Amino acid sequence: MKKIVVFCGSSLGFNPAYKKAAIELGNYFANHNIGLVYGGGKVGMMGVIADTMLAQNGQVIGVIPKLLEKEEVVHAGVAEMIVCKTMSERKVIMSKLIDGYITLPGGFGTLDELFEALTLSQLHIEQKPVGLLNINGFFDAMLVQIDKMIEEGYVKAANKELLIVGTSVHELLQKMNKYTPPKISHVINKVVR
């Protein structure tokens, strides 16, 4: 993977473990020559990972909607900043630039981005690894909800494998590098493993 998009919060949250994970991920990217594509902000988790990459001369590409391109939000230190019209357009641009997705803790926007990436994989529109860095059990309840959706017949059990979960940066990236997308059979929407 040459470029990975990182979805994460525009807030740091209350637990310093999340900021530490963003720094660790930024360092991993810089040390392994992986470019960062992200939401373009200078605040919260977004700002931390961008700052970490920039401090090591890593490649950083920001994609920010015009409505968020305010001086207090946009990261002035990111040379390659793509300004788009809408949040939806932002996700399309990001998906065209990258080889994989990683989600760190965040809010509604972060979950929206994660589930869109999973939906693209489920529909076989994309075949990129979708990673979830589950620091401090942040996403545990969401993973239980996915199991409930499978149990109740709304998600196919095989599609749970589209989400690659790791509790450390190293574990997650190892799993993502080994990812093989499922093959599609001749039966519509049937995944073959």
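Bear in mind these aren't lab numbers, they're just calculated from the coordinates by the rules spelled out. Everything numeric here is computed off the predicted structure, so don't read it as measured data. A quick note on method: Cβ atoms are made from the backbone with ideal geometry, for glycine too, and the neighbour counts reach across all protein chains shown.
Structure summary
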{"quantity": "Rounded tilt (10° steps) of 87-97 against the dominant C-alpha axis of the chain", "calculated": "80"}
{"quantity": "Selection of trypsin sites (Lys or Arg not before Pro), region 11-78, meeting DSSP coil and at most 13 other Cβ within 10 Å", "calculated": "LYS70"}
{"quantity": "Cα-based convex hull, the chain, per residue volume (Å³, whole number)", "calculated": "114"}
{"quantity": "Long-range amide H partners of ILE61 with built H, under 5 Å", "calculated": "LEU36, VAL37, TYR38"}
{"quantity": "Length-normalised contact order of region 3-192 in % [C-alpha pairs under 8 Å, at least 6 apart]", "calculated": "20"}
{"quantity": "Considering only the chain, percent of DSSP beta bridges that pair antiparallel, nearest 5", "calculated": "10"}
{"quantity": "Residue-averaged [θ]222 nm for the chain, counting only DSSP H segments that reach four residues, each worth -39500 (n - 2.57)", "calculated": "-12000 deg cm²/dmol"}
{"quantity": "The chain: most fluctuating residue of SER168, SER121, SER88 per GNM, C-alpha cutoff 10 Å", "calculated": "SER88"}
{"quantity": "Whole-Hz couplings from phi, Karplus 6.51/-1.76/1.60, listed for region 158-175; x for Gly and Pro", "calculated": "4, 6, 5, 5, 5, 9, 9, 10, x, 9, 9, 4, 4, 4, 4, 5, 4, 5"}
{"quantity": "Rounded to 10°, Cα long-axis angle of helix 44-55 versus longest principal axis of the chain", "calculated": "70"}
